[in-house]
Amino acid sequence: MNRREFLMAGAAAGLVASTRFAAAATRLDMYTASDANISDFFNNVVKPAFEAANPGTELNVVIARPSAALDAVAQRALAALSAKADPQLDFIEQYEPMLPAGGIEAGLWTDFQKADLANYGAVNKLAIQTAYGLPYRGSQVLLAYDATKLPREKAPKTFADLAAWIKANPGQFIYNRPDKGGSGFNFVNRVVHEVSGRDPLKFKVDNFDQATADDVLGKAWAVLNDLAPSLYEKGAYTAGNTASLQLLAQGAVTMIPAWSDQVLQAIAKGVLPENTGLVQLGDLALCGGFSQAVVPTNAAHRDAALKLADFMLTQEMQTAVIEKLGGFPGVDWSNLPKALHDKYADVIPSSIPTFPSGEWTKAVQDGWYRNVAPNISRT
């Protein structure tokens, strides 16, 4: 963290500390380093609903950007734990529970499996990565398509079906360069999973091996090169997630891989038509992930923070995650209104695979340019 970021974090902490006990109401300090759409969601949707359901409790949304500022807040909470002091932090809406180093071992984060949340049993089991993080919202790459050109019943449901459709409909599919956006990156990763037996667990942050990578990724490059002539403009790739959505909106292509939250927001805002088709592959879904909320065990208002955690899992808030935020629910879809469940039936995943960062990501992105698109500059 540079000096400016440190001072920003310190100023935010000082402001909270100076007013924390000034009001008679319980002031619940919730931190976020996420984009403005998330902080707006908490201020405009969650805050009024939570305060109405919990009279006498005020939800204070503290924005800690960049992420280094939030790391400083978490470090402060860890220091406060050993000093038996108030961490001036009650809830973080998205944070990696494995951080800061030694935090879990020291007992910093609440174990949600033992927190007696009334709604914890509704959480999608596929979304739980650790008991110390609460997966209240998610996003996953899926396939978005023009339903006026492709009947819903004919949308591909397996990777083999997708590859066959791309070849049978030349020029009608495109994905973005894998280092320019997660939708294209995870399309490439889905090919990697396909050629390696559809087992995402083979790829971990700490098991990268160059010989294995050369073998597996070589097979993936072969598949992608086979598809390339059938892509938009016989092998074009967009420069990002938004550019792909724009081509779909313009009718230039029929199908793209897209982040669920981005395409749902595009539909809600009228950028894409209401009847835009959405489908997830059933043999193995494209990659996704969930935001993990955390609560310090030493939070001054821990009981109120756990009420917020439970509140975020209610049907009201999980429906809002989909309709207001464009996200995926953290709870199992069966816990949502039937009409909503039926509306998104084609994108409800039977799996939520991930792909590791670090050396594996670097190998995929670097290798794609060398082996699939050698004539495209990375700049």
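The values are calculated or read from the model by the stated rules, or taken from the named source; none is laboratory data. Values in this document were obtained by computation on a predicted structure and should not be read as measured data. Quick reminder, even Gly has a Cβ in these numbers, built from the backbone with ideal geometry, and neighbours come from all protein chains shown. With ligands, DNA and RNA removed, areas are computed over all heavy atoms of the protein, side chains included. Shrake-Rupley method; radii C 1.70, N 1.55, O 1.52, S 1.80 Å.
What the table shows:
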| quantity | calculated |
| --- | --- |
| Accessible area per residue, Å², the chain with all protein chains present, probe 1.4 Å | 43 |
| Antiparallel content of DSSP bridges confined to the chain, in %, to 5 | 65 |
| Angle between the chain longest axis and helix 210-227 axis [Cα atoms, degrees, rounded to 10] | 60 |
| Carbon + sulfur, % of accessible area of the range 236-379 - ligands and nucleic acids excluded, 1.4 Å | 49 |
| DSSP-loop trypsin sites (Lys or Arg not before Pro) across the range 242-308, with at most 15 other Cβ within 10 angstrom | K269 |
| Crossing angle, helix 241-250 versus the chain [Cα axis fit, 0-90 degrees, rounded to tens] | 60 |
| P(r) of the range 278-370 over all Cα-Cα pairs, binned every 10 Å from zero, in whole percent | 13, 33, 28, 20, 6, 0 |
| For the chain, calculated [θ]222 nm from helices alone, where every DSSP H run of n ≥ 4 adds -39500 (n - 2.57) | -12000 deg cm²/dmol |
| Computed over the range 288-335: relative contact order in percent, which uses C-alpha pairs under 8 Å that are six or more apart | 25 |
| With Cα atoms, 0 to 90° folded angle of helix 159-168 axis to the chain main axis | 50 |
| Sulfur and carbon atoms: percent of accessible area, the range 33-94 [1.4 Å] | 52 |
| Backbone HN-Hα couplings from phi across the range 347-363 [Karplus 6.51/-1.76/1.60, Hz, Gly and Pro as x] | 10, 5, x, 8, 8, 10, x, 10, 10, x, 7, x, 5, 5, 4, 4, 5 |
| Computed P(r) (all Cα pairs; the range 171-295; 10 Å bins; percent) | 12, 39, 33, 14, 2, 0 |
| Signed unit charges on C-beta, dipole axis of the chain, positive-most listed residue L340, G197, T254 | T254 |
| P(r) of the chain over all Cα-Cα pairs, binned every 20 Å from zero, in whole percent | 27, 53, 20, 0 |
| Relative contact order %, the range 74-183, counting alpha carbon pairs below 8 Å whose residues are six or more apart | 16 |
| Computed over the range 243-333: relative contact order in percent, which uses C-alpha pairs under 8 Å that are six or more apart | 29 |
| Within a Gaussian network of the chain (alpha carbon springs, distance under 10 Å), most fluctuating of D366, D310, D346 | D366 |
